[in-house]
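**Q** Can you keep this structure in mind? I'll have questions shortly.
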Amino acid sequence: MFILKAEELTAYLEERKGALWEYALEQEEISSGKSREEIRRQMEQTLCVMERSADMARREPVRSVSGLTGGNAWKYETYRSEEKSILGKIPSLAAGMALSCSEVNASMQCIVACPTAGSCGIVPAAVLACAQGRGLDRETMVEGLFTASAVGILIGSRATLAGAEGGCQAECGSAAAMAAAAVVEMLGGTPKMAFHAAAMALKSVLGLTCDPVAGLVEIPCIKRNASGEVNALLCADLALAGVESYIPFDEVVDAMYAVGKAMPKALRETAKGGLAVTPTGLRMKGNLEAGKQSTCE
């Protein structure tokens, strides 16, 4: 049975000198009845979908079905390729990849909901950009995805991954926590470091609302994936440097859930609060309902 407390799981892995990704793989083997080789092949297929979605909108402009958004991943990739970014190679690459995944999602093409469609760009971008920037192989990327899955299971079991229940903190926040942990283990960090990174990433966005303009997973969702990506990489970097979260991971998750339950329904994916009811947000919604394509992003 999957250990659902980070403190207990960390102690278990420290005793066995194991990694989060190994534990997640073992548990999937037990619960599914599939072989390790088959499970790894399935995760490899997931990685392939992530690679396509992280690349597609950077190569050419991709517009959303609604027409509200699109083209920003390509625009940012052009800027980044000219070495103008102030972020540095890995964070800027990751930000572009996160935008691409989100724009591909908004265009109704294939993505990996990791853990949700609205936060689909954060984990893929972290894993892919880190691997490309550090010269890591595909096996390490696959292992990073198992690490991310372990953190996602813990969050989902203690709290929620749904914006409608917990706000965007539960979606992009959870994705950032998953991504941060994945990067830590990919770069040789311990499970303890991974959970510290995850805790820091999640607590950095406590209270983040889910306020989609016109009720669509586009504004501000797409750009939040890029910002969530940078959050994940920073927190992974902090943890690898030995920085720890003063509040333990389990308690951060519990706090996120409590904040989500306290959050007004208007700020939980109903499009009745926040950015969705600004004058511009309402105008864009009206134009969309009237069949007019908006050019405002």
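The values are calculated or read from the model by the stated rules, or taken from the named source; none is laboratory data. For clarity, every value in this text was computed on a predicted model and none was experimentally measured. A quick note on method: Cβ atoms are made from the backbone with ideal geometry, for glycine too, and the neighbour counts reach across all protein chains shown. For the accessible areas, the whole protein counts, side chains as well, though only heavy atoms, and no ligand, DNA or RNA atoms are used. Shrake-Rupley method; radii C 1.70, N 1.55, O 1.52, S 1.80 Å.
**Q** For region 37-57, does any single residue satisfy the condition of being under 19 Å from residue 223 (Cβ atoms), open to solvent by less than 80 Å² (accessible area, probe 1.4 Å), modelled with pLDDT of 95 or more and β-branched (Val, Ile, Thr)?
**A** no
**Q** Tell me, please, whether a residue that is within 14 Å of the chain's Cα centre (by Cα) and open to solvent by 10 Å² or more (accessible area, probe 1.4 Å) can be found in region 67-82.
**A** Taking every residue of region 67-82 in turn, none turns out to be within 14 Å of the chain's Cα centre (by Cα) and open to solvent by 10 Å² or more (accessible area, probe 1.4 Å).
**Q** In region 169-207, what residues are surrounded by fewer than 24 Cβ atoms within 10 Å (Cβ to Cβ) and under 30 Å from residue 66 (Cα atoms)?
**A** Within region 169-207, 205, 206, 207 qualify.
**Q** Report, ordered by the first and then the second residue, all pairs with beta carbons closer than 9 Å, sequence separation of six or more or different chains, a first member in region 236-248 that is under 18 Å from residue 5 (Cα atoms) and modelled with pLDDT of 95 or more, and a second member that is of a type outside the set (A, V, I, L, M, F, W, C) and open to solvent by less than 60 Å² (accessible area, probe 1.4 Å).
**A** 244/196; 245/196; 248/196
**Q** Is at least one residue of region 216-229 assigned to a helix (DSSP H, G or I), open to solvent by less than 60 Å² (accessible area, probe 1.4 Å) and farther than 23 Å from residue 97 by Cβ?
**A** no
**Q** Can you confirm whether region 89-112 contains a residue that is open to solvent by 30 Å² or more (accessible area, probe 1.4 Å), part of a loop (DSSP other than H, G, I, E, B) and modelled with pLDDT under 95?
**A** No, region 89-112 has no match at all.
**Q** Follow-up question, since we're still on this one. For region 66-88, what are the residues that are on the phi > 0 side of the Ramachandran plot and touching a strand residue (DSSP E or B) at 6+ places or on another chain (Cβ under 9 Å)?
**A** If the condition is that a residue be on the phi > 0 side of the Ramachandran plot and touching a strand residue (DSSP E or B) at 6+ places or on another chain (Cβ under 9 Å), then 70, 71 are the ones that fit.
**Q** Out of (1) touching an Asp or Glu at 6+ places or on another chain (Cβ under 6 Å); (2) farther than 25 Å from residue 31 by Cβ; (3) crowded, with 24+ Cβ neighbours inside 10 Å, the odd one out for residue 147 is which?
**A** Looking at each condition in turn, residue 147 falls short on (2).
**Q** What pairs can you find where one residue is in region 216-228 and closer than 17 Å to residue 66 by Cα, the other is part of a helix (DSSP H, G or I), and their Cβ atoms are less than 6 Å apart, with a gap of 6+ or different chains?
**A** 217/118; 218/106; 219/213; 220/275; 221/118; 222/102
**Q** So residue 85 passes all but one of these: (1) in contact (Cβ under 8 Å) with a residue 40 or more places away in the chain; (2) in contact with a helix residue (DSSP H, G or I) (Cβ under 7 Å, 6 or more places away or on another chain). Which condition number does it fail?
**A** Only one criterion in (1) in contact (Cβ under 8 Å) with a residue 40 or more places away in the chain; (2) in contact with a helix residue (DSSP H, G or I) (Cβ under 7 Å, 6 or more places away or on another chain) is unmet by residue 85, namely (1).
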